[in-house]
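What follows is a single structure, written as structure tokens, with notes after it.
The values are calculated or read from the model by the stated rules, or taken from the named source; none is laboratory data. Computed from a predicted model, the values in this text were never measured in an experiment. Here the Cβ is made from the backbone with ideal geometry for all residues, glycine too, and neighbour counts use every protein chain on show.
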Amino acid sequence: MKRKFDTLIVTGGAGFIGSNFIRYLFEKAGFEGKVINLDALTYAGNLESTEDIFRRFGGKRYFFEKADIGDRPSVEAIFGKYKPDAVVHLAAESHVDRSILGPEAFIRTNVMGTFTLLDVARNAWKDRNDVLFHHVSTDEVFGSLGDSGYFSEDTSYDPRSPYSASKASSDHLVMAYHHTYGLPITLSNCSNNYGPNQFPEKLVPLMILNMLEGKPLPVYGDGKNIRDWLFVEDHNSAVWAIMRDGESGRSYNIGGENEWENIKLLDCLIELVAEASGTPPAQFRSLVHYVKDRPGHDRRYAIDCSRLKKELGWKQEHSFDSGLRLTVGWYLANKPWCDRVRSGAYRNWLEENYTAR
């Protein structure tokens, strides 16, 4: 029997994956309950990403709460106010380069923040079995692959950066709360997401916007690091399938089954942006330059998502070509959004509009 939920807390719901997940719930999942978007609105959180949802459902089925997941009194108050029967935990510090430069924030949010959420949920739900804590994690916890093979749910953890180490720690905490306290949980480890609303520090939007602005296109090392790319809507449909039908205490890998070397992905983006903008591809290719590889740069990630497909009947709806075309089209059509989130204008907009939420 499928799980049914009345009230979901989505942590990090103003971020890239979170805002797309909320939109998926309201527009495609058939969810009829309430969604509470719990977000601290750090640099990558953007309420504009859910503005249309707020206009349609705000105050009735959609609510926003500004809070840090590590602030226990605030999290307890939100649980007490809304009495959720599920948590979708997406809030995280998630950029590897930033974790190398400043790892403390990653430990504070990804480890201690996850602990706080788990402990508040455990105390609020007590011995209930009709609830669920779903934790969203990354394939980076598994380390680096060679030229062959795939990460499965049984792959040993081998994190190589402060970011992946913090996510591995949070995964273990989630599983420990299930085994020790009986907290109903599911967990997913996904490959690289791409799509609309992604903060422009990430590879795909960074390259698109740098092309449009005539800026250099930096490529780490030899450009042959390989990632498995997953369109964000496919990721969110998988999370929802796991929440509805996944076995409690079980983890599921979510992959796009689209392995691409970084340099070949960039070449695809160059062709698509050139086609959409009417710019000769050679003009963009002249912007490509190689930079020193980052420390601990994993060589290859690739996901085996057969458990998800066989047990829950999930499959990707978007090919890599269709997903990239949708993504490029979105960034070209939403350049003002990109400019605002990279400048102080978004903070000004937030201050002027926040009280309405």
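In the stretch 167-183, which residues are surrounded by 20 or more Cβ atoms within 10 Å (Cβ to Cβ) and touching a Lys or Arg at 6+ places or on another chain (Cβ under 9 Å)?
177, 183
Name the helices (runs of 4 or more DSSP H) wholly inside the stretch 200-303 in which the number of residues that are among the charged types (D, E, K, R) and under 25 Å from residue 334 (Cβ atoms) is 3 or more. Lay out the reasoning, then the answer.
Numbers: elements: 203-213, 232-245, 262-277, 281-285.
In the stretch 200-303, the matching helices (runs of 4 or more DSSP H) lie at 262-277.
Which of (1) assigned to a helix (DSSP H, G or I); (2) at pLDDT 95 or above; (3) over 17 Å from residue 41 (Cα atoms); (4) out of contact with any Lys or Arg (no Cβ under 9 Å at 6 or more places or on another chain) is the odd one out, the single condition residue 87 does not satisfy?
Of (1) assigned to a helix (DSSP H, G or I); (2) at pLDDT 95 or above; (3) over 17 Å from residue 41 (Cα atoms); (4) out of contact with any Lys or Arg (no Cβ under 9 Å at 6 or more places or on another chain), only one is false for residue 87: (1).
Could you please give the count of residues in the stretch 240-257 that are more than 22 Å from residue 179 (Cβ to Cβ) and touching a Ser or Thr at 6+ places or on another chain (Cβ under 8 Å)?
Going through the stretch 240-257, the residues more than 22 Å from residue 179 (Cβ to Cβ) turn out to be 240-241, 244, 254-257.
From what's left, touching a Ser or Thr at 6+ places or on another chain (Cβ under 8 Å): 254-256.
Residues that pass the stated criteria total 3.
When the residues of the stretch 28-69 are narrowed to those that are acidic (Asp, Glu) and assigned to a strand (DSSP E or B), which ends up surrounded by the most Cβ atoms within 10 Å (Cβ to Cβ)?
Applying the first criterion (acidic (Asp, Glu)) to the stretch 28-69 yields 32, 39, 48, 51-52, 65, 68.
Checking which are assigned to a strand (DSSP E or B) leaves us with 39, 65.
On the way: 39: 26, 65: 18.
Among residues in the stretch 28-69 that are acidic (Asp, Glu) and assigned to a strand (DSSP E or B), the one surrounded by the most Cβ atoms within 10 Å (Cβ to Cβ) is 39.
Only residues in the stretch 211-222 that are within 23 Å of residue 299 (Cα to Cα) count as the first member; pair them with residues that are of a type in the set (Phe, Trp, Tyr), Cβ under 7 angstrom, at least 6 apart or cross-chain, and list the lot.
Short answer, once both residue conditions are applied: 219/290.
Pick from the stretch 109-136 the residues that are of a type in the set (Ser, Thr, Tyr) and closer than 22 Å to residue 7 by Cα: which of them is nearest to the chain's Cα centre (by Cα)? Step through it out loud before you land on a result.
Here is the first cut: in the stretch 109-136, the ones of a type in the set (Ser, Thr, Tyr) are 109, 114, 116.
If we keep only those that are closer than 22 Å to residue 7 by Cα as well, we get 114, 116.
Values: 114: 15, 116: 20 Å.
My answer is 114.
Mind checking which pairs have a first residue in the stretch 235-250 that is at positive phi and a second that is aliphatic (A, V, I, L, M) and crowded, with 21+ Cβ neighbours inside 10 Å, Cβ under 7 Å, 6 or more apart or different chains?
249/185
For the stretch 119-158, give me the residue count where each residue is part of a helix (DSSP H, G or I), under 19 Å from residue 256 (Cβ atoms), touching a helix residue (DSSP H, G or I) at 6+ places or on another chain (Cβ under 7 Å) and of a type in the set (A, V, I, L, M, F, W, C).
Keep residues of the stretch 119-158 that are part of a helix (DSSP H, G or I), which gives 119-125, 139-142.
Still in the list and also under 19 Å from residue 256 (Cβ atoms): 139-142.
The next check asks that each one be touching a helix residue (DSSP H, G or I) at 6+ places or on another chain (Cβ under 7 Å); those that pass are 140-141.
Then keep just the ones that are of a type in the set (A, V, I, L, M, F, W, C); that gives 141.
The total comes to 1.
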